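Undergrad: Submitted below is the structure of interest, expressed as structure tokens.
The values are calculated or read from the model by the stated rules, or taken from the named source; none is laboratory data. Computed from a predicted structure; not experimentally measured. Note that each Cβ is placed from the backbone with ideal geometry, even for glycine, and that neighbours are counted across all protein chains shown. What goes into the accessible areas is simple: the full protein's heavy atoms, side chains included, and nothing from ligands, DNA or RNA. Shrake-Rupley method; radii C 1.70, N 1.55, O 1.52, S 1.80 Å.
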Amino acid sequence: MKRDNQHLPPLAAWQHKDIGSAVATGAADAVLSAQRVEKTYRNGTRALDEVKLDIQRGEFVSLLGPSGCGKSTLLKMFAGLEEPSHGHIRWWGKNLATVGAEGHTLAMVFQEATLMPWASVEQNVRLPLELNRMPRTESNLRVRDALQLVGLEKFQHAYPRELSGGMQMRASIARALATRPNLLLMDEPFGALDEFTRNKLDADLRRIWSQQDLTVVFVTHSIYEAVYLSSRVVVMAARPGRVIADVPIEAPGAGGMRDDAFRITPEFMGYCKILSDYLTLANQEGGVHDTVDH
């Protein structure tokens, strides 16, 4: 689509001058690629309209937008849980059949922890490994490593009812990490938590991402969370859902951990302002109909 700078907030227009060098280089090299993806439900609701998005290995990409913009629908397509009405999703340049092969695995973390209440933390984390009939020796190692990554190694024998909401979500993330995925999909996992717990989990997730060979796609409603976590933030508008901006987050710590001090830097606040301007446009009646060229 054409560039239409009259619709861009001033800061956002400036930010996108060099966006081409910071975003995906092409679908052929992408871990995930949405190629003109549309989704229309049987009742006629058009959830997504010609979404084009490439995500490269090692990126942390947040999908940000108002309710009803199709963020979760797109994530479910990336997980293979829904199919597009039109267009194609590609995983590592191939169809869904390639998912599960060595180097091409994915895991998903949902909005709720969805733990088995009758099972211990250790048993919950082990579940996907047992379903894959993994030998006990190997699964023991993976469960231990996953619990250490999320800081729950001392709670392996606890039951979900004995854990706080944040700890339950840690267990859910550990369950996903135990499969040692190459691609991690997360559907607003921290949205129901208090701000202090959310910030702590954001920091831990950022640390895990920087330490592991992970590509992450993360759905959120929070501008602050998106800027803190991401190497790119993709902004979506509704009616119907579509991408209106793709903002690379180039800031101190972009290649590794970001501490709390980053949250009060001018760079952080500048990116929050850019994304806030875009969300204002996304929430306007009719939204934005021109996407910034990449």
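Undergrad: Going by the structure shown, is TRP14 out of contact with any strand residue (DSSP E or B) (no Cβ under 8 Å at 6 or more places or on another chain), modelled with pLDDT of 90 or more and not acidic (Asp, Glu)?
TA: no
Undergrad: Condition check: farther than 30 Å from CYS69 by Cα, open to solvent by 40 Å² or more (accessible area, probe 1.4 Å), out of contact with any strand residue (DSSP E or B) (no Cβ under 9 Å at 6 or more places or on another chain) and not aromatic (Phe, Trp, Tyr). Does GLY103 satisfy that? Don't jump to the end; show me each part of the working.
TA: Values: farther than 30 Å from CYS69 by Cα: yes; open to solvent by 40 Å² or more (accessible area, probe 1.4 Å): no; out of contact with any strand residue (DSSP E or B) (no Cβ under 9 Å at 6 or more places or on another chain): yes; not aromatic (Phe, Trp, Tyr): yes.
The answer is no for GLY103.
Undergrad: For segment 77-98, which positions are in contact (Cβ under 8 Å) with a residue 12 or more places away in the chain, open to solvent by 40 Å² or more (accessible area, probe 1.4 Å) and either in contact with a Leu (Cβ under 6 Å, 6 or more places away or on another chain) or among the basic types (Lys, Arg) (or both)?
TA: ARG90
Undergrad: From (1) in contact with a strand residue (DSSP E or B) (Cβ under 9 Å, 6 or more places away or on another chain); (2) buried (at least 24 other Cβ atoms within 10 Å of the Cβ), pick out the condition that doesn't hold for ALA174.
TA: Unmet for ALA174, out of (1) in contact with a strand residue (DSSP E or B) (Cβ under 9 Å, 6 or more places away or on another chain); (2) buried (at least 24 other Cβ atoms within 10 Å of the Cβ): (1).
Undergrad: Just give me the residues in segment 60-91 being β-branched (Val, Ile, Thr) and more than 25 Å from LEU279 (Cβ to Cβ), in sequence order.
TA: Result: ILE89, single match.
Condition check ((1) open to solvent by less than 20 Å² (accessible area, probe 1.4 Å); (2) modelled with pLDDT under 95) across all residues:
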position	(1), (2)
ALA226	yes, no
ASP246	yes, no
ILE249	yes, yes
PRO266	no, yes
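Undergrad: Of all residues being more than 27 Å from GLU188 (Cβ to Cβ) and basic (Lys, Arg) in segment 121-171, which is surrounded by the most Cβ atoms within 10 Å (Cβ to Cβ)? Just the residue, please.
TA: Residue satisfying both the conditions and the ranking: ARG144.
Undergrad: Next question. Considering (1) modelled with pLDDT of 95 or more; (2) under 14 Å from ALA30 (Cβ atoms), say which one LEU63 fails and leave the rest.
TA: (2)
Undergrad: On the basis of being at pLDDT 90 or above, in contact with a Gly (Cβ under 8 Å, 6 or more places away or on another chain) and among the basic types (Lys, Arg), does ARG232 make the cut?
TA: Working: at pLDDT 90 or above: yes; in contact with a Gly (Cβ under 8 Å, 6 or more places away or on another chain): no; among the basic types (Lys, Arg): yes.
Considered against the rule, which asks whether it is at pLDDT 90 or above, in contact with a Gly (Cβ under 8 Å, 6 or more places away or on another chain) and among the basic types (Lys, Arg), ARG232 comes out as no.
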